Every structure is written in C-alpha cells, then in structure tokens.
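The values are calculated or read from the model by the stated rules, or taken from the named source; none is laboratory data. Please read all numbers here as calculations on a predicted model, not as lab measurements. For neighbour counting, all protein chains shown are included, and Cβ atoms are generated from backbone atoms with ideal geometry for every residue, glycine included.
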C-alpha cells in the first residue's frame, strides 16, 4: 500500500519492495522504463491485450465453426434463402434467412444423421422464416444436420426429403 513520506512523495509500504514500488527520492516507479517513457508493465499489458484481441479472446479448448448449408429447390425457396450451421463444443445453432413459410399444417423439423445411420429427431421444430435456431441434440464432426417439412408436432422419422443439409467439418 502506498504511503506519503515526510518529503511529500509516495512510497510503497515497508513489506513491498517489488518492481512496482515508487522511488522515495524521485517519486518515479522502480524498474526499467520502456519505449516512449512507459513503464515496462504497461508495455506488457498492452501486448497481452493486443494478443487477446487478435487471438479472439480466451481459448476455452473448443472451437466455433460455421459452415454453409445446402438449400434445395422446393416451393417458396428464393435465391435469398440461405442457411448455415454454427457448432461449438457439440452444440449447434442453425441460422436460417428468408425461408419460405412451411406448408399448411407443417413445421420445419431438424434431424441429426450420424454416418450411415437413419436420421434422428434433433428435438427442434420451427416455423420462423429468419432466425437462429438452437439445436437440442449434440452435433459432432462428420454428422449431417437436415431440415424437413413435417406435420405439426414433428415426426419420429423424416416424411419428406430434406430442404437443408449441413455437414459440420
């Protein structure tokens, strides 16, 4: 903790003699000065901040991947219709833009297909035309994420061909 001396300069308390103390005679920080008169600690902090920004923040061990999805030509699909899949740590979000309205009494249902196995319901249905749809089922590299038009309430297996197919890397 800093204390003011009789001469009016600030000095570190007696138990702290580290490089961050102030020289009682000059009032300047102990330690080496860096370029442009900045203390070395400020240069180090600046380097850490720049590395953090360029590196994209804290590395939590997982990576975020976003892949484009194939949108097939079905009724209502326009050139503006698009889809992409964002995957992070086996959790996925389907991002759709300008989807056609689902057919009457139907919803869009999301499926996950692993290898040669049959697609399984991902626990997600939607009717939005544009938005981000979190997928309840885990998604791994090599899986396929499919979207089909299904009866309201969903279906235990796909009853129509997929209109969206995404393959996370």
(request) Find the residue count for region 135-161, including only residues that are surrounded by fewer than 12 Cβ atoms within 10 Å (Cβ to Cβ) and under 21 Å from the mean Cα position of the chain (by Cα). (result) 3
(request) Filter region 117-133 down to residues that are exposed (fewer than 15 other Cβ atoms within 10 Å of the Cβ) and over 25 Å from residue 78 (Cβ atoms), then give me how many there are. (result) 4
(message) Go through (1) at pLDDT below 95; (2) surrounded by fewer than 17 Cβ atoms within 10 Å (Cβ to Cβ); (3) in a loop (DSSP other than H, G, I, E, B) for residue 66 and report which single condition fails.
(response) (3)
